[in-house]
Amino acid sequence: MTTTACFIVVSKNDIPIYEAEVGSTVRQKQEQAHQHQFILHAALDLVQDLAWTTSAMFLRSVDRFNDLTVSVYVTAGHTRLMLLHDSRNEDGIKNFFQEVHELYVKTLLNPLYLIGSRITSAHFDTRVRALARKFL
Amino acid sequence: MIGVGKPKQYGNVLDKPLSRGRQEVSLSAFAFLFSELVQYNQTQVDNIAELERRLEDAGYAVGARVLELLCHRDKGNRRETRLLGILSFIHSTVWKVLFGKVADSLEKGTEHEDEYMISEKELLVNRFISVPKDMGAFNCGAFVAGIVRGVLDGAGFPAVVTAHFVPIEGQQRPRTTILIKFAEEVLRREARLG
């Protein structure tokens with residue numbers, strides 16, 4: 001089953017620090033990738049308002065575009081993990097977010113990592129893609 | 001036999017599991033490290049205000065990480081969205097993890113709506129430090145003030161946090177108070193959330 005999915009991590013200051021196309025359709029057209037990022041950024045306003053109304057970290061689907069849904073997970077430091085997807089598998093998405101959150105905390109604990117800067121580690125990239133294949 | 005019971009070696013830090021906590025560091029090692037930190041910064045600056053600012057920045061980095069780590073590890077992935085919630089989180093959870101005990105007291109300021117104070121009889125970082133007379137009101141608790149500011153800023157409650165000595169009658173050493181003054185937007189948002 002081919003799925004489209006775009007995953008980005010946005011810092012507290014609304015700067016994307018990590019992005020990855022994790023869908024199983026291999027050949028994504030360039031316009032589609034740009035469109036995915038645009039949809040995710042447009043959803044940031046909604047996330048901002050929603051984040052202050054609940055103390056949960058997993059905010060389910062916050063926005064819709066055609067048949068694609070945006071799901072968001074907000075960490076304690078207001079770093080947003082956002083996923084644009086077309087599947088209905090909520091549990092899988094929640095587990096995916098929790099695993100990536102743990103990876104993010106480990107990255108953060110590095111005292112030489114400047115919080116809010118881009119995550120450039122290739123190992124982090126590999127792990128996220130592996131998790132996406134597993135849960136999505 | 002040699003090699004039996006050797007702990008598993010992980011290739012990359014991202015593969016290692018997050019530690020469960022309960023890691024204790026010797027007090028003397030910490031005191032030594034902190035004193036070296038202060039001395040190093042003393043050589044880099046010309047005045048007291050700059051020194052306090054540097055210590056605060058060092059604490060800020062710690063605070064931001066402590067917030068993420070504790071919410072993930074101890075609080076079962078629940079964020080704090082209210083003012084009193086984040087203050088009691090700092091007062092109990094953060095203090096317990098960093099210093100081994102909850103803070104002595106948490107008070108609301110009487111003159112201003114946006115001021116709160118966390119007091120401690122003897123701040124751990126100040127325990128082995130004596131400030132010479134010519135340094136005036138310098139307080140190494142600026143490091144702890146930085147930690148608190150890091151936690152508050154990360155959680156979305158920007159504030160100005162400072163450390164002060166408050167002399168108490170009948171006691172030789174003054175009490176340390178961390179004064180937290182929240183930004184305007186925090187109060188407005190709190191009022192809006194009701």
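The values are calculated or read from the model by the stated rules, or taken from the named source; none is laboratory data. This is a predicted model, so every value here is computed, not measured. All Cβ positions, even for glycine, are placed from backbone atoms using ideal geometry, and neighbour counts span all protein chains on display. Accessible surface is based on the protein model in full, side chains and every heavy atom, while ligands, DNA and RNA are left aside. Shrake-Rupley method; radii C 1.70, N 1.55, O 1.52, S 1.80 Å.
Which of the numbered conditions does B:ILE90 fail, given that it passes all the others? Conditions: (1) more than 22 Å from B:ARG79 (Cα to Cα); (2) surrounded by 13 or more Cβ atoms within 10 Å (Cβ to Cβ).
(1)
In segment B:90-137, which residues are at pLDDT 90 or above and among the aromatic types (Phe, Trp, Tyr)?
Residues satisfying the conditions are B:TRP95, B:TYR116.
Could you say which residue among B:LEU152, B:LEU69, B:LEU84 is within 14 Å of chain A (Cβ to nearest Cβ), hydrophobic (A, V, I, L, M, F, W, C) and touching a residue at least 60 places away in the same chain (Cβ under 8 Å)? Give the derivation first.
Details: B:LEU69 fails: touching a residue at least 60 places away in the same chain (Cβ under 8 Å); B:LEU84 fails: touching a residue at least 60 places away in the same chain (Cβ under 8 Å).
When all the criteria are applied, what remains is B:LEU152.
Tally up the residues in segment B:141-167 that are open to solvent by less than 60 Å² (accessible area, probe 1.4 Å), not small (Gly, Ala, Ser) and not in a helix (DSSP H, G or I), please.
Residues of segment B:141-167 that are open to solvent by less than 60 Å² (accessible area, probe 1.4 Å), as a first pass: B:141-159, B:161-163, B:166.
Filter once more, keeping what is not small (Gly, Ala, Ser): B:143-144, B:147-149, B:151-153, B:157-158, B:161-162, B:166.
Still in the list and also not in a helix (DSSP H, G or I): B:157-158, B:161-162, B:166.
Final tally of qualifying residues: 5.
In the list A:TYR113, A:TYR18, which residue meets the criterion of being in contact (Cβ under 8 Å) with a residue 40 or more places away in the chain, more than 9 Å from chain B (Cβ to nearest Cβ) and under 27 Å from B:ASP57 (Cα atoms)? Spell out how you get there, then give the answer.
Working: A:TYR113 fails: in contact (Cβ under 8 Å) with a residue 40 or more places away in the chain.
On inspection, the qualifying residue turns out to be A:TYR18.
Checking the conditions here, which among A:VAL72, A:VAL62, A:VAL105, A:VAL100 is modelled with pLDDT of 90 or more, among the β-branched types (Val, Ile, Thr) and in a strand (DSSP E or B)? Walk me through it before giving the result.
Numbers: A:VAL62 fails: modelled with pLDDT of 90 or more; A:VAL105 fails: in a strand (DSSP E or B); A:VAL100 fails: in a strand (DSSP E or B).
After applying the criteria, what remains is A:VAL72.
Filter segment B:16-36 down to residues that are surrounded by 10 or more Cβ atoms within 10 Å (Cβ to Cβ), at pLDDT 80 or above and either in a loop (DSSP other than H, G, I, E, B) or in contact with a Phe, Trp or Tyr (Cβ under 8 Å, 6 or more places away or on another chain) (or both), then give me how many there are.
Our first condition is that a residue be surrounded by 10 or more Cβ atoms within 10 Å (Cβ to Cβ); within segment B:16-36, this holds for B:16, B:18-19, B:21, B:27, B:30-36.
Of the ones still in play, those that are also at pLDDT 80 or above are B:27, B:30-36.
Within this subset, residues satisfying the condition of being either in a loop (DSSP other than H, G, I, E, B) or in contact with a Phe, Trp or Tyr (Cβ under 8 Å, 6 or more places away or on another chain) (or both) are B:31, B:34-35.
Of the residues in segment B:16-36, 3 are surrounded by 10 or more Cβ atoms within 10 Å (Cβ to Cβ), at pLDDT 80 or above and either in a loop (DSSP other than H, G, I, E, B) or in contact with a Phe, Trp or Tyr (Cβ under 8 Å, 6 or more places away or on another chain) (or both).
Residue by residue, here is whether (1) at negative phi; (2) within 14 Å of another protein chain (Cβ to nearest Cβ); (3) touching a His at 6+ places or on another chain (Cβ under 8 Å) holds:
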site: A:ALA33; (1), (2), (3): yes, no, no
site: A:HIS41; (1), (2), (3): yes, no, no
site: A:ALA51; (1), (2), (3): yes, yes, yes
site: A:SER55; (1), (2), (3): yes, yes, no
site: A:ASP67; (1), (2), (3): yes, no, no
site: A:GLY77; (1), (2), (3): yes, yes, no
site: A:GLY92; (1), (2), (3): yes, no, no
site: A:SER117; (1), (2), (3): yes, yes, no
site: A:VAL128; (1), (2), (3): yes, yes, no
